[in-house]
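The values are calculated or read from the model by the stated rules, or taken from the named source; none is laboratory data. What you see is a predicted model, and the numbers here were worked out from it, not measured in a lab. Neighbour counts are summed over all protein chains in view; Cβ atoms, including those assigned to glycine, are modelled from backbone coordinates with ideal geometry. Accessible surface is based on the protein model in full, side chains and every heavy atom, while ligands, DNA and RNA are left aside. Shrake-Rupley method; radii C 1.70, N 1.55, O 1.52, S 1.80 Å.
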Amino acid sequence: MVPVAHVRSERRELTDDHWGDVPAVIRLDERRFTPEALLSLDSFSHLEVVFHFHRVPPEKVQTSARHPRDNPDWPLAGIFAQRGKNRPNRIGVSRCRLVKVDGLDVHVVGLDAVDGTPVLDIKPYLRQFGPREEVVQPEWVDDLMRDYYAPSE
């Protein structure tokens, strides 16, 4: 798989929280794309971005259960029952707000990917692809996500 773009952001550290107001630019690969690839993307308010957790060393990949964020107050959960970065294929998926499209640059806010992150795909978010019924999740998730999209301090 070849990245279609890379993230440009002032956020360089792999931290868990405060992504809500982080601006970033997803810069398409100019050798492969022209601005036509982004035509009409600006008519959407939100995007889904698929990216590679490139800074997770292969030896840190986890394949079994662990406490999310290594917090013993939260129950053990299998790697596929959480969204941690140390996943088997190191693939992340994020939804973010689209600010503007400028040439090959897609300006977003709230993308939880650090500077240099390889982007594998960009899709407009369609509400029809969201759940059609009530979403159910364990209580510990609310605690874990409390500050995830909070403004940075």
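Listed values, structure above:
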quantity	calculated
Leading residue by the ranking (farthest from Lys123 (Cα to Cα)) among those in region 45-61 that are of a type in the set (A, V, I, L, M) and in contact (Cβ under 8 Å) with a residue 60 or more places away in the chain	Val50
Residues that are touching a helix residue (DSSP H, G or I) at 6+ places or on another chain (Cβ under 7 Å) and assigned to a loop (DSSP other than H, G, I, E, B), drawn from region 101-151	Gly103, Leu104
Arg87 being among the basic types (Lys, Arg), under 27 Å from Ser9 (Cα atoms) and touching a strand residue (DSSP E or B) at 6+ places or on another chain (Cβ under 9 Å)	no
Long-range neighbours under 7 Å by Cβ, at least six apart or interchain, first residue touching a residue at least 12 places away in the same chain (Cβ under 8 Å) within region 28-44, second among the charged types (D, E, K, R) and not in a loop (DSSP other than H, G, I, E, B)	Asp42/Lys100
Residues of region 46-60 classified as open to solvent by less than 70 Å² (accessible area, probe 1.4 Å) and modelled with pLDDT of 95 or more, total	6
Exclusive hit being open to solvent by 30 Å² or more (accessible area, probe 1.4 Å), of a type in the set (D, E, K, R) and in a strand (DSSP E or B), set Arg27, Arg87	Arg27
Ala37 assigned to a helix (DSSP H, G or I), open to solvent by less than 90 Å² (accessible area, probe 1.4 Å) and modelled with pLDDT of 90 or more	yes
Subset of region 101-137 that is of a type in the set (A, V, I, L, M) and open to solvent by 40 Å² or more (accessible area, probe 1.4 Å) - its residue that is farthest from Arg8 (Cα to Cα)	Val136
Verdict on Arg69 being modelled with pLDDT under 95 and either surrounded by 16 or more Cβ atoms within 10 Å (Cβ to Cβ) or outside any loop (DSSP other than H, G, I, E, B) (or both)	yes
Residue, surrounded by the fewest Cβ atoms within 10 Å (Cβ to Cβ), within region 4-23, restricted to residues that are at pLDDT 95 or above and in contact with a Ser or Thr (Cβ under 7 Å, 6 or more places away or on another chain)	His6
Yes/no for Val93 being of a type in the set (Val, Ile, Thr) and in a strand (DSSP E or B)	yes
